[in-house]
Amino acid sequence: MTLPTYSLTATILVATLLFTAASCKKGDIGPAGPAGPAYTGNIAGFVSLFDQYGTKQLNNQSGIQVKEMETGKVATTDVNGKYEIDSLPTGNYTLQITDPSGNFAPSQVNQLQLIEGTVNHDVRLSARPNFALSTLSAVDTIVAGTAYIRLSGSLASTDTRARTLAIFVGSAPGTTSATSTYLLNVSKTVNANAITFVQYILPADLNGAGLASGSTAYFAVYPAGATYANASSYEDLSNGRTVYNAIGANAVTASALVP
């Protein structure tokens, strides 16, 4: 068998090419190309107003302020409740919605994404309740063979229309509507012309919120607007719980052992 042969000239040429390639340096980076287009858009929508009984207000809805927190731009609703914030660059935005008169509780919109064009986002505000609570007691009891915690209390005055209560349950003294303190929220309707109320809480609901049987449950009950759970409310991004703003300033409190 005849072995392949290589010329000295070819060997030198290959060696030269390899040396040259190894010793070459990268060239300078060329100039950057032109920036892409800067997209802008608008955030618009309607603010709907509800009284403390849950009735939507159909008269003048002007004067509500919608502030975009990243840029500081503010829009004010017209008579129909419409607002618009324009010429915003692409991004995520936070809106704070307030009533300068203080009649309606504020709300907030978190992480509203704007790419381009107009993003429509409607908001609901509830009136603050104008009634107060007087007393509250909590006892564990058995009704028809089923264990409950029985909450009972009284209101400071009667009303010809039904009213709403917001009940917050926590695991420690100092439970309030603050998202860092409550574990469970329950609503209660007080009938028209009534001044007292009773609400039964199942142990299973408390267990599901993290309150074990034999532990102490702490209750804080507030006057609330009828739409407090979906108007003037928003998510606290730090813990995923809901901030409820359409409630009274003062609560009545009590505690009881979980059956």
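The values are calculated or read from the model by the stated rules, or taken from the named source; none is laboratory data. Everything numeric in this text was worked out from a predicted model, so none of it was measured. All Cβ positions, even for glycine, are placed from backbone atoms using ideal geometry, and neighbour counts span all protein chains on display. What goes into the accessible areas is simple: the full protein's heavy atoms, side chains included, and nothing from ligands, DNA or RNA. Shrake-Rupley method; radii C 1.70, N 1.55, O 1.52, S 1.80 Å.
Structure above, values below:
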read-out: Isotropic mean projected area of the C-alpha convex hull, the chain (nm²); value: 31.1
read-out: For the chain: accessible area per residue (Å², 1.4 Å); value: 56
read-out: For segment 123-152 and segment 169-219, distance of Cα centres in Å; value: 7
read-out: Longest site-free stretch - the chain; sites: chymotrypsin sites (Phe, Trp or Tyr not before Pro), DSSP loop, at most 14 other Cβ within 10 Å; value: 40-259
read-out: Selection from ASN130, SER157, ILE142, by position along the positive dipole direction of segment 114-213 (Cβ); value: SER157
read-out: Sum of -39500 (n - 2.57) over DSSP H runs of 4+, divided by residues of the chain (222 nm, nearest 500); value: -2500 deg cm²/dmol
read-out: Carbon and sulfur %, accessible surface of segment 163-220 computed with the full protein complex present, 1.4 Å; value: 51
read-out: Charge dipole (segment 151-246, unit charges on Cβ, about Cα centre) - positive-most of VAL198, VAL169, THR242; value: VAL198
read-out: Segment 79-161 - Rg over Rh from alpha carbon coordinates, Kirkwood radius; value: 1.23
read-out: Pairs of alpha carbons in segment 158-259 whose separation is greater than 18 Å (percent); value: 48
